[in-house]
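Below is one structure, written out as C-alpha coordinates; comments come after it.
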Amino acid sequence: MTGARGHPPALMMRFLTLRMCVEEDIMARDRGERQRNMPGPEADRPLRMVPDVGEHADAGGVLRKYVDPGATLVRASTARKAIDSFMAARSGDLNTGSIDLREVESTEGAATLRVRFQQFHNDIPVVGATVQAVADVKQASVIQVDHTGEMDVADAPDPGDARTVADVLKVALAPFKKDFETADVTRDQLVYLRDTDRPSLPGSDYPSASVALLKKGRKPDGALHLVHDLVVETTGPIEHFRVVVDAIAGTLLWVELVGKYVTATLKVFSPDPVTESNDSTLHAGSGVAKLNGFRHDVQAEVAPASGGMFRLDGEWFRCNDWDSPTFGPLPPCRGRGRTRIQRLRLLPTRPQHRLKAARDGT
(Lines give C-alpha, C1' and ligand atoms only; values in the text may rest on other atoms or scores of the structure.)
Protein backbone atom coordinates (compact mmCIF):
# COMPACT_ATOMS: atom_id res chain seq x y z
CA MET A 1 0.00 0.00 0.00
CA THR A 2 1.35 3.45 -0.89
CA GLY A 3 0.43 7.04 -0.06
CA ALA A 4 0.22 10.08 -2.33
CA ARG A 5 2.54 10.01 -5.32
CA GLY A 6 3.46 6.38 -4.52
CA HIS A 7 5.30 7.12 -1.24
CA PRO A 8 4.79 4.65 1.67
CA PRO A 9 2.59 6.07 4.48
CA ALA A 10 5.38 5.79 7.07
CA LEU A 11 7.74 7.76 4.85
CA MET A 12 5.07 10.43 4.27
CA MET A 13 4.52 10.82 8.01
CA ARG A 14 8.26 11.20 8.63
CA PHE A 15 8.42 13.79 5.83
CA LEU A 16 5.49 15.82 7.24
CA THR A 17 6.95 15.66 10.76
CA LEU A 18 10.33 16.86 9.51
CA ARG A 19 8.69 19.69 7.53
CA MET A 20 6.71 20.85 10.58
CA CYS A 21 9.88 20.86 12.71
CA VAL A 22 11.73 22.90 10.08
CA GLU A 23 8.85 25.44 9.83
CA GLU A 24 8.67 25.80 13.62
CA ASP A 25 12.44 26.34 13.74
CA ILE A 26 12.22 29.02 11.06
CA MET A 27 9.36 30.76 12.90
CA ALA A 28 11.31 30.63 16.17
CA ARG A 29 14.36 32.14 14.50
CA ASP A 30 12.19 34.87 12.97
CA ARG A 31 10.71 35.74 16.38
CA GLY A 32 14.18 35.80 17.91
CA GLU A 33 15.51 38.05 15.17
CA ARG A 34 12.59 40.45 15.57
CA GLN A 35 13.16 40.60 19.31
CA ARG A 36 16.89 41.19 18.84
CA ASN A 37 16.20 43.93 16.31
CA MET A 38 14.11 45.84 18.89
CA PRO A 39 15.99 45.50 22.19
CA GLY A 40 14.80 47.06 25.41
CA PRO A 41 16.76 49.71 27.34
CA GLU A 42 18.59 46.83 29.01
CA ALA A 43 19.43 43.75 26.93
CA ASP A 44 18.52 41.23 29.61
CA ARG A 45 15.15 42.79 30.42
CA PRO A 46 12.08 42.57 28.17
CA LEU A 47 10.03 45.60 27.22
CA ARG A 48 7.06 46.36 29.44
CA MET A 49 3.64 46.67 27.83
CA VAL A 50 2.09 50.04 28.70
CA PRO A 51 -1.40 51.25 27.67
CA ASP A 52 -1.52 53.71 24.75
CA VAL A 53 2.00 52.86 23.57
CA GLY A 54 2.59 54.14 20.06
CA GLU A 55 1.41 57.18 18.09
CA HIS A 56 -2.06 58.68 18.28
CA ALA A 57 -3.35 61.26 15.78
CA ASP A 58 -6.61 63.22 15.74
CA ALA A 59 -9.21 63.20 12.97
CA GLY A 60 -7.17 65.78 11.06
CA GLY A 61 -4.04 63.64 11.11
CA VAL A 62 -2.18 65.76 13.67
CA LEU A 63 0.06 63.71 15.98
CA ARG A 64 -1.40 64.33 19.43
CA LYS A 65 0.33 61.70 21.57
CA TYR A 66 3.55 59.70 21.25
CA VAL A 67 4.46 57.06 23.86
CA ASP A 68 7.62 54.91 23.81
CA PRO A 69 8.32 53.82 27.42
CA GLY A 70 11.05 51.48 26.23
CA ALA A 71 13.08 54.47 24.95
CA THR A 72 13.96 52.52 21.79
CA LEU A 73 12.97 54.67 18.81
CA VAL A 74 14.24 58.27 19.03
CA ARG A 75 17.73 58.35 20.50
CA ALA A 76 20.57 60.88 20.46
CA SER A 77 23.75 61.69 22.35
CA THR A 78 21.81 63.60 25.04
CA ALA A 79 18.19 63.81 26.20
CA ARG A 80 18.01 67.43 25.02
CA LYS A 81 19.23 66.54 21.54
CA ALA A 82 16.72 63.68 21.39
CA ILE A 83 13.85 66.09 22.05
CA ASP A 84 15.19 68.65 19.57
CA SER A 85 15.58 65.94 16.92
CA PHE A 86 12.05 64.68 17.49
CA MET A 87 10.51 68.15 17.28
CA ALA A 88 12.40 68.88 14.05
CA ALA A 89 11.86 65.51 12.37
CA ARG A 90 8.17 65.26 13.28
CA SER A 91 7.19 68.91 12.82
CA GLY A 92 5.06 67.93 9.83
CA ASP A 93 3.14 65.31 11.83
CA LEU A 94 2.79 67.70 14.76
CA ASN A 95 1.82 70.52 12.37
CA THR A 96 3.88 72.86 14.54
CA GLY A 97 4.97 74.90 11.52
CA SER A 98 1.52 76.48 11.33
CA ILE A 99 1.45 77.73 14.94
CA ASP A 100 3.62 80.03 17.08
CA LEU A 101 5.25 77.60 19.51
CA ARG A 102 7.82 78.81 22.07
CA GLU A 103 9.80 76.95 24.70
CA VAL A 104 8.83 78.22 28.15
CA GLU A 105 10.11 75.57 30.56
CA SER A 106 12.82 72.91 30.78
CA THR A 107 13.18 70.73 33.87
CA GLU A 108 15.70 67.92 34.28
CA GLY A 109 15.37 65.43 37.10
CA ALA A 110 17.32 62.34 38.03
CA ALA A 111 15.65 60.21 35.35
CA THR A 112 13.85 62.48 32.88
CA LEU A 113 14.10 65.77 31.03
CA ARG A 114 10.80 67.60 30.50
CA VAL A 115 10.47 70.44 28.01
CA ARG A 116 7.25 72.45 27.60
CA PHE A 117 6.44 74.55 24.55
CA GLN A 118 3.64 77.14 24.83
CA GLN A 119 1.51 78.24 21.88
CA PHE A 120 1.10 81.97 21.30
CA HIS A 121 -1.16 83.90 18.95
CA ASN A 122 -0.69 87.63 18.32
CA ASP A 123 2.07 87.39 21.00
CA ILE A 124 -0.58 86.31 23.53
CA PRO A 125 -0.44 82.85 25.16
CA VAL A 126 -3.20 80.35 24.39
CA VAL A 127 -4.23 78.66 27.65
CA GLY A 128 -3.96 74.87 27.56
CA ALA A 129 -2.29 74.85 24.12
CA THR A 130 1.11 73.24 24.69
CA VAL A 131 3.49 70.57 23.44
CA GLN A 132 5.23 68.73 26.26
CA ALA A 133 8.11 66.36 25.51
CA VAL A 134 9.74 63.96 27.97
CA ALA A 135 13.06 62.17 27.41
CA ASP A 136 14.81 59.45 29.39
CA VAL A 137 18.11 60.98 30.56
CA LYS A 138 20.01 57.69 30.83
CA GLN A 139 18.90 56.38 27.44
CA ALA A 140 18.90 59.85 25.81
CA SER A 141 15.65 58.96 24.12
CA VAL A 142 12.19 60.51 23.81
CA ILE A 143 9.62 58.50 25.76
CA GLN A 144 6.49 60.70 25.57
CA VAL A 145 5.10 63.72 23.73
CA ASP A 146 1.69 65.32 24.38
CA HIS A 147 0.32 67.88 21.92
CA THR A 148 -2.71 70.01 22.86
CA GLY A 149 -2.07 72.95 20.53
CA GLU A 150 -4.88 74.87 18.81
CA MET A 151 -4.61 74.18 15.09
CA ASP A 152 -7.43 76.52 14.05
CA VAL A 153 -7.25 80.04 15.48
CA ALA A 154 -9.26 81.71 12.71
CA ASP A 155 -11.95 82.71 15.20
CA ALA A 156 -9.48 84.43 17.56
CA PRO A 157 -10.60 87.99 18.48
CA ASP A 158 -8.36 90.97 17.64
CA PRO A 159 -6.38 92.13 20.73
CA GLY A 160 -6.98 95.71 19.61
CA ASP A 161 -10.65 95.30 20.56
CA ALA A 162 -9.91 94.14 24.12
CA ARG A 163 -11.18 96.08 27.13
CA THR A 164 -8.69 97.06 29.84
CA VAL A 165 -8.74 95.39 33.23
CA ALA A 166 -10.14 98.62 34.68
CA ASP A 167 -13.11 98.30 32.31
CA VAL A 168 -13.97 94.77 33.53
CA LEU A 169 -13.16 95.31 37.22
CA LYS A 170 -16.79 95.84 38.24
CA VAL A 171 -17.89 92.61 36.56
CA ALA A 172 -14.98 90.64 38.05
CA LEU A 173 -15.62 91.76 41.65
CA ALA A 174 -19.44 91.69 41.58
CA PRO A 175 -19.73 88.01 42.74
CA PHE A 176 -17.94 88.80 46.03
CA LYS A 177 -19.90 91.84 47.24
CA LYS A 178 -22.43 89.92 49.32
CA ASP A 179 -20.41 87.37 51.29
CA PHE A 180 -16.98 89.01 51.69
CA GLU A 181 -15.69 92.13 53.43
CA THR A 182 -13.26 93.08 50.64
CA ALA A 183 -12.21 91.80 47.20
CA ASP A 184 -9.25 92.96 45.12
CA VAL A 185 -7.58 91.84 41.89
CA THR A 186 -4.01 90.72 42.59
CA ARG A 187 -3.10 89.34 39.15
CA ASP A 188 -4.25 89.98 35.59
CA GLN A 189 -3.17 88.15 32.44
CA LEU A 190 -4.57 88.70 28.96
CA VAL A 191 -4.80 85.28 27.25
CA TYR A 192 -6.66 83.34 24.58
CA LEU A 193 -8.81 80.48 25.87
CA ARG A 194 -10.95 77.88 24.10
CA ASP A 195 -14.24 77.93 26.04
CA THR A 196 -15.14 74.22 26.19
CA ASP A 197 -15.68 73.29 29.84
CA ARG A 198 -16.04 74.53 33.41
CA PRO A 199 -14.28 73.74 36.69
CA SER A 200 -15.98 70.97 38.65
CA LEU A 201 -18.32 71.98 41.46
CA PRO A 202 -18.19 70.65 45.04
CA GLY A 203 -21.07 68.67 46.47
CA SER A 204 -21.61 71.21 49.24
CA ASP A 205 -20.47 74.68 50.30
CA TYR A 206 -16.85 75.19 51.29
CA PRO A 207 -16.11 77.22 54.46
CA SER A 208 -15.23 80.25 52.32
CA ALA A 209 -16.95 79.56 48.99
CA SER A 210 -20.55 78.58 48.37
CA VAL A 211 -21.68 76.42 45.48
CA ALA A 212 -23.87 79.32 44.33
CA LEU A 213 -20.79 81.54 44.03
CA LEU A 214 -18.83 78.94 42.05
CA LYS A 215 -21.79 78.49 39.67
CA LYS A 216 -21.69 82.09 38.52
CA GLY A 217 -20.90 82.73 34.85
CA ARG A 218 -22.22 81.41 31.56
CA LYS A 219 -22.24 78.12 29.70
CA PRO A 220 -19.25 77.32 27.44
CA ASP A 221 -19.75 78.02 23.74
CA GLY A 222 -16.64 76.31 22.32
CA ALA A 223 -15.29 79.54 20.80
CA LEU A 224 -11.77 80.93 21.20
CA HIS A 225 -12.11 83.89 23.58
CA LEU A 226 -9.70 86.66 24.49
CA VAL A 227 -10.04 86.91 28.27
CA HIS A 228 -8.73 88.61 31.37
CA ASP A 229 -7.56 85.72 33.56
CA LEU A 230 -7.69 87.28 37.03
CA VAL A 231 -6.86 86.27 40.60
CA VAL A 232 -9.11 87.89 43.20
CA GLU A 233 -8.12 87.96 46.87
CA THR A 234 -10.88 88.36 49.45
CA THR A 235 -10.96 89.05 53.17
CA GLY A 236 -13.65 88.24 55.69
CA PRO A 237 -13.03 85.37 55.01
CA ILE A 238 -9.66 85.37 53.27
CA GLU A 239 -9.59 83.36 50.05
CA HIS A 240 -8.27 83.39 46.48
CA PHE A 241 -10.37 82.90 43.36
CA ARG A 242 -9.66 82.66 39.66
CA VAL A 243 -12.07 84.88 37.75
CA VAL A 244 -12.25 84.71 33.93
CA VAL A 245 -13.86 87.66 32.13
CA ASP A 246 -14.33 87.99 28.36
CA ALA A 247 -12.07 90.88 27.34
CA ILE A 248 -14.19 91.74 24.29
CA ALA A 249 -17.76 91.43 25.60
CA GLY A 250 -16.90 92.26 29.22
CA THR A 251 -18.97 89.34 30.55
CA LEU A 252 -18.12 86.90 33.35
CA LEU A 253 -17.28 83.40 32.07
CA TRP A 254 -16.64 81.60 35.35
CA VAL A 255 -15.35 81.71 38.94
CA GLU A 256 -12.99 79.05 40.30
CA LEU A 257 -11.66 78.50 43.80
CA VAL A 258 -7.85 78.59 43.75
CA GLY A 259 -7.41 77.06 47.22
CA LYS A 260 -8.06 73.33 47.38
CA TYR A 261 -10.03 71.82 50.25
CA VAL A 262 -9.36 68.22 51.07
CA THR A 263 -10.39 65.64 53.59
CA ALA A 264 -8.26 62.65 54.44
CA THR A 265 -8.97 59.09 55.41
CA LEU A 266 -6.56 58.05 58.14
CA LYS A 267 -5.71 54.54 59.26
CA VAL A 268 -5.40 54.47 63.05
CA PHE A 269 -5.13 51.98 65.89
CA SER A 270 -8.26 52.31 68.00
CA PRO A 271 -7.61 51.92 70.83
CA ASP A 272 -4.40 49.92 70.15
CA PRO A 273 -3.38 46.47 68.84
CA VAL A 274 -2.69 45.01 72.33
CA THR A 275 -6.07 45.97 73.75
CA GLU A 276 -8.00 44.98 70.64
CA SER A 277 -6.30 41.59 70.28
CA ASN A 278 -5.82 40.86 73.99
CA ASP A 279 -2.33 39.75 72.97
CA SER A 280 0.31 41.22 75.29
CA THR A 281 3.14 39.89 73.11
CA LEU A 282 2.48 42.52 70.43
CA HIS A 283 4.86 45.48 70.40
CA ALA A 284 6.20 48.19 68.07
CA GLY A 285 8.53 45.73 66.39
CA SER A 286 5.92 43.08 65.64
CA GLY A 287 5.92 44.03 61.97
CA VAL A 288 3.28 45.36 59.58
CA ALA A 289 1.96 41.89 58.74
CA LYS A 290 0.69 41.55 62.32
CA LEU A 291 -0.11 45.16 63.18
CA ASN A 292 -1.80 46.41 60.00
CA GLY A 293 -4.81 44.19 60.57
CA PHE A 294 -5.73 46.27 63.63
CA ARG A 295 -5.88 49.60 61.74
CA HIS A 296 -9.26 51.27 61.22
CA ASP A 297 -10.33 53.91 58.68
CA VAL A 298 -11.38 57.25 60.18
CA GLN A 299 -12.26 60.49 58.42
CA ALA A 300 -10.15 63.54 59.23
CA GLU A 301 -11.27 67.08 58.47
CA VAL A 302 -9.96 70.61 58.14
CA ALA A 303 -11.10 72.94 60.91
CA PRO A 304 -13.01 76.11 59.94
CA ALA A 305 -10.95 79.21 59.25
CA SER A 306 -9.93 81.37 62.20
CA GLY A 307 -8.40 84.75 61.45
CA GLY A 308 -7.98 83.80 57.81
CA MET A 309 -5.98 80.65 58.63
CA PHE A 310 -7.06 77.04 58.18
CA ARG A 311 -5.65 74.36 60.48
CA LEU A 312 -5.61 70.59 60.55
CA ASP A 313 -7.70 69.99 63.61
CA GLY A 314 -10.45 67.75 64.87
CA GLU A 315 -11.11 64.49 66.66
CA TRP A 316 -8.13 62.54 65.32
CA PHE A 317 -5.31 65.04 65.37
CA ARG A 318 -4.59 68.41 66.90
CA CYS A 319 -2.04 71.10 66.04
CA ASN A 320 -0.16 72.91 68.78
CA ASP A 321 2.54 75.57 68.61
CA TRP A 322 5.34 74.56 70.96
CA ASP A 323 8.14 76.75 72.31
CA SER A 324 11.63 76.09 71.00
CA PRO A 325 13.45 73.43 73.06
CA THR A 326 15.85 74.72 75.71
CA PHE A 327 18.11 71.66 75.51
CA GLY A 328 20.56 70.62 72.83
CA PRO A 329 20.48 67.47 70.73
CA LEU A 330 21.12 64.13 72.39
CA PRO A 331 24.73 62.85 72.18
CA PRO A 332 25.34 60.09 69.64
CA CYS A 333 25.44 56.45 70.77
CA ARG A 334 28.87 54.86 71.15
CA GLY A 335 29.63 51.23 71.75
CA ARG A 336 27.01 49.44 73.80
CA GLY A 337 25.86 52.53 75.69
CA ARG A 338 22.32 53.90 75.15
CA THR A 339 20.72 57.22 76.05
CA ARG A 340 17.75 57.50 78.38
CA ILE A 341 15.43 58.14 75.44
CA GLN A 342 16.55 54.99 73.68
CA ARG A 343 15.74 52.88 76.72
CA LEU A 344 12.11 53.97 76.76
CA ARG A 345 9.56 51.39 75.61
CA LEU A 346 5.94 51.72 74.54
CA LEU A 347 3.78 50.25 77.29
CA PRO A 348 0.43 48.57 76.61
CA THR A 349 -2.59 50.62 77.57
CA ARG A 350 -4.41 47.91 79.54
CA PRO A 351 -4.22 48.79 83.27
CA GLN A 352 -3.05 45.31 84.36
CA HIS A 353 -0.15 45.54 81.90
CA ARG A 354 0.86 48.95 83.18
CA LEU A 355 0.82 47.69 86.77
CA LYS A 356 2.91 44.64 85.85
CA ALA A 357 5.43 46.84 84.09
CA ALA A 358 5.66 49.07 87.15
CA ARG A 359 6.26 46.04 89.44
CA ASP A 360 8.99 44.81 87.10
CA GLY A 361 10.68 48.17 87.36
CA THR A 362 10.50 48.92 83.64
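The values are calculated or read from the model by the stated rules, or taken from the named source; none is laboratory data. It should be emphasised that the depicted structure is a prediction, and the values quoted were computed from it without experimental measurement. Note: ideal-geometry Cβ built from the backbone for every residue, glycine included; neighbour counts use all protein chains shown. Accessible surface areas use protein heavy atoms only, side chains included; no ligands, DNA or RNA. Shrake-Rupley method; radii C 1.70, N 1.55, O 1.52, S 1.80 Å.
Gain on full extension, evaluated as 0.36 nm per residue between LYS177 and GLN189 minus their Cα-Cα distance, stands at 2.1 nm.
The loop-placed trypsin sites (Lys or Arg not before Pro) in the range 82-157, going by DSSP, that have at most 13 neighbouring Cβ atoms within 10 Å of their Cβ come out as LYS138.
Quick one: of LYS170/LYS216; LYS178/LYS219; LYS65/LYS219; LYS178/LYS216; LYS178/LYS215, which pairs are farther than 18 Å apart, Cα to Cα? Checking Cα-Cα distances, LYS178/LYS219; LYS65/LYS219 exceed 18 Å.
Here the Karplus relation 6.51 cos²θ - 1.76 cosθ + 1.60, evaluated at θ = phi - 60°, turns the backbone of the range 134-143 into coupling constants of 10, 10, 6, 5, 5, 8, 6, 9, 6, 10 Hz, with x for every Gly and Pro.
Applying both filters, DSSP loop and at most 10 other Cβ atoms within 10 Å, to the GluC sites (Glu not before Pro) of the range 93-199 gives GLU181.
Here the range 80-122 is scanned for amide nitrogen atoms under 14 Å from the site 7 Å beyond the Cα of GLU55 along Cα-to-Cβ, giving 86-96.
Taking amide H as placed 1.01 Å from N in the peptide plane, the amide H of GLU108 sits under 5 Å from that of ARG114, each at least 5 places away or on another chain.
Estimated at 0.36 nm per residue, the fully extended path between ASP272 and ASP161 surpasses their Cα-Cα distance by 33.2 nm.
Taking the protein heavy atoms of the range 83-220 in the context of the full set of protein chains, the accessible area attributed to carbon and sulfur is 47 percent at 1.4 Å.
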